[in-house]
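What follows is a single structure, written as structure tokens, with notes after it.
The values are calculated or read from the model by the stated rules, or taken from the named source; none is laboratory data. For clarity, every value in this text was computed on a predicted model and none was experimentally measured. Backbone-built Cβ (ideal geometry, glycine too); neighbour counts: all protein chains shown. To get the accessible areas, we keep the full protein, side chains included, count just its heavy atoms, and leave off ligands, DNA and RNA. Shrake-Rupley method; radii C 1.70, N 1.55, O 1.52, S 1.80 Å.
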Amino acid sequence: QVQLVESGGGLVQPGGSLRLSCAASGSIFSMYAMGWYRQAPGKERELVARITSGGSTNYADSVKGRFTISRDNANNTVYLQMNNLEPEDTAVYYCKGRIAPYEYWGQGTQVTVSS
């Protein structure tokens, strides 16, 4: 069983930055593929970015060049650096960990981009 706890959300003006963190319990964090997803009101949850156990990354087209996912295996943490935020980025952001066949979700953290 893995527990994931997100933090770092909040209210930011357009063009601003936030860094989300996802802290994981457990001793095999480095073996997990990790991802950030988001869900805006009235919309389906969508993939934002993910990083494999080997460090390969991929991003949704809407965030390429603005968001960066990274991981610190020594501290069981995955990050999402979000720059040049837009109102369309407003959503609840969720962290997911996956090691087949299991996957785990955090409780989410709210990001609001508004002036």
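Numbers for the structure displayed
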read-out: Accessible area of Arg50 in the full protein assembly, 1.4 Å probe (Å², nearest 10); value: 110
read-out: P(r) of the range 57-110 over all Cα-Cα pairs, binned every 10 Å from zero, in whole percent; value: 18, 51, 28, 3
read-out: Quarter of the Cα convex hull surface for the range 12-115, i.e. its orientation-mean projected area (nm²); value: 6.5
read-out: Glu86 accessible area, assembled protein chains, probe 1.4 Å, Å²; value: 70
read-out: At R0 = 22 Å, FRET efficiency that the Cβ-Cβ distance of Glu88 and Ser53 yields, to 0.05; value: 0.10
